[in-house]
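In what follows, a structure is listed as structure tokens, so that the remarks can point back to it.
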Amino acid sequence: ASFPLLRLRSPLVTPLIFGLLVQAPCTQPSTITRPNFVLLLADDLGIGDVGCYGNDTIRTPNIDRLAKEGVKLTQHIAAAPLCTPSRAAFFTGRYPLRSGMDAVNDYRVIFWNAGSGGLPPNETTFAKILQHQGYTTGLIGKWHLGVNCESRNDHCHHPLKHGFDYFYGMPFTLISDCQPTETPEMDRAFRRKLWLSTQVIGLITLTAALGRLTGLISVHWKTLTCLAAFSLLFFISWFSSYGFVRYWNCIMMRNHEITEQPMVTDRTTFLILRESISFIERNKHKPFLLILSFLHSHTPLLTTEKFLGKSRHGLYGDNVEEMDWMVGQVLDAIDKEGLKDTTLVYFASDHGGWLERQEGKRQLGGWNGIYKGGKAMGGWEGGIRVPGIFRWPGVLPAGTVIDEPTSLMDIYPTVVHLAGGAVPQDRVIDGRDVLPLLRGAVAHSEHEFLFHYCGVHLHAVRWHQKDTGAIWKAHYVTPIFKPPGAGACYDRGFCPCFGEGVTHHEPPLLFELSQDPSEARPLSADTEPLFDTVIRRIGRAIEEHHRTLTPVPEQLSVSNVVWKPWLQPCCGTFPFCWCDKEGDN
């Protein structure tokens, strides 16, 4: 009955339909919501390690393809220069000190699977919001945000308590201790001191015993017994944890079940890739969130034989090229299932490359391009400026480059908005929805100020002066590089946040990043007429920012990061923890 009416009105309907078709691309993003999300997060990858960010010797064709088909951000900033706090900010959209995930001490990351600190249960991750919106959510790879609180199996910090339906990977982080052939990495300097102390105490005990036996020293047998018992207890107290790092920290889990303890590193890459592709295949008919949190390119740089010796940058380059291949395999899986146009893909690194990570003449850490500093440095660009790429065909303009300040924290509101959810209103969310910026609907980022912390210590502040386009950055604290002029803290292995290893600046060092991205030429009141004005404005912004902070429990306090045997995840009967369920399968 409607057809005659349609024919009757065709002179009016035809232009109307034509007009709607012409306008379709403009209105598309407002009608296309609830895409799939595949978020790819590299570990310790420097911005200078990727082809589309200027590296012409390490081959990254798949990451480069993402940039060619999507939007590349050139000023994408991590909220912290280390794994645990940066990832806490990524998942919560909040500066890590708001959740207690930044440290007042030198223990700036989760140190043990058997620690009690971690992402607090009262934090709401974007995965949890997407879960409530009907998404199937999965995390494959690295977590490093804690496991237990009070008992071995309470799993209060576990991914499944933070909005993920499925988890496969490492609850901790990859470290050289996981590879039996590598030099131990974890707390290396502290372990040397413990060994030295053990040897000194043992030598004293042995000397006293020999003196007693030869009659040269008058020592009671009771005193000798106590001294020997103390020596043994001291050794056990630290060797029970540090002597078994590979068993305690290098484990793989599927959901709440331990599958490998210790992990079999030869097959880790294959298993993580297989799990990622399988997740996409299982959930292709419903909206899903997949976070592939790579173990690449963190030491010990697990690399399969297919890629060993193939790059021009040694083992590190081999590892990056293998990660790029994994990115390609995931993109191929998305294409194969016909999901390319309905999937938002994002690629980034959790922070900058680790300049000090060396073994002899081998450089095992990344390169941060023209930017000063690296991993663990709270203020310098090399520690916090990372690759950031978005691809969503038909919605985001291909081949676009955006030079506006953005943050890893922006993923939170952006993803939540696209999934049809709402960000929590009972807490400060520091991230901003970047979809309008990515689409070209707005010219500038919503971020006016970004605060750069090293632990809980504010080291620098960035001011995006939108009316002029200037990007000012004031450094209040900087690490002392050793050797002088070396560009990193090679004497320590990590740059500190406070104490004798840093310099406080009054007035602060000021740079204009749009003119001096390498932070090589500090400005002064003599060379920059706006110096005092800029410093005053940034000072007011710091005061306003501090008023938004509230005290929270410190998740990385010493009491929370130490090894607690009753919290140790164990496949078997503690302390005999061992299994290989992947090998059994």
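The values are calculated or read from the model by the stated rules, or taken from the named source; none is laboratory data. This one's a predicted model, so the numbers in the text were calculated from it and none came from an experiment. Note that each Cβ is placed from the backbone with ideal geometry, even for glycine, and that neighbours are counted across all protein chains shown. The protein model used for the area step is the full one, side chains on, heavy atoms only, and it has no ligands, DNA or RNA in it. Shrake-Rupley method; radii C 1.70, N 1.55, O 1.52, S 1.80 Å.
Across region 198-228, the number of residues qualifying as assigned to a loop (DSSP other than H, G, I, E, B) and surrounded by fewer than 12 Cβ atoms within 10 Å (Cβ to Cβ) comes to 4. Inside region 63-114, residues that are among the aliphatic types (A, V, I, L, M) and under 19 Å from Leu295 (Cα atoms) make up a count of 8. The one condition from (1) in a loop (DSSP other than H, G, I, E, B); (2) crowded, with 20+ Cβ neighbours inside 10 Å that Tyr453 does not meet is (1). Among the candidates Lys68, Lys128, Lys72, the residue that is touching a His at 6+ places or on another chain (Cβ under 7 Å) and open to solvent by 10 Å² or more (accessible area, probe 1.4 Å) is uniquely Lys128.
Checked against (1) of a type in the set (S, T, N, Q); (2) in contact with a Pro (Cβ under 8 Å, 6 or more places away or on another chain); (3) open to solvent by 10 Å² or more (accessible area, probe 1.4 Å), Asn105 passes all but a single condition, namely (2). Within region 401-428, the set of residues being open to solvent by 10 Å² or more (accessible area, probe 1.4 Å), assigned to a helix (DSSP H, G or I) and either of a type in the set (Asp, Glu) or over 26 Å from Pro81 (Cα atoms) (or both) comprises just one member, His417. There is no residue in region 276-287 that is farther than 28 Å from Tyr135 by Cβ and either open to solvent by less than 40 Å² (accessible area, probe 1.4 Å) or of a type in the set (Phe, Trp, Tyr) (or both).
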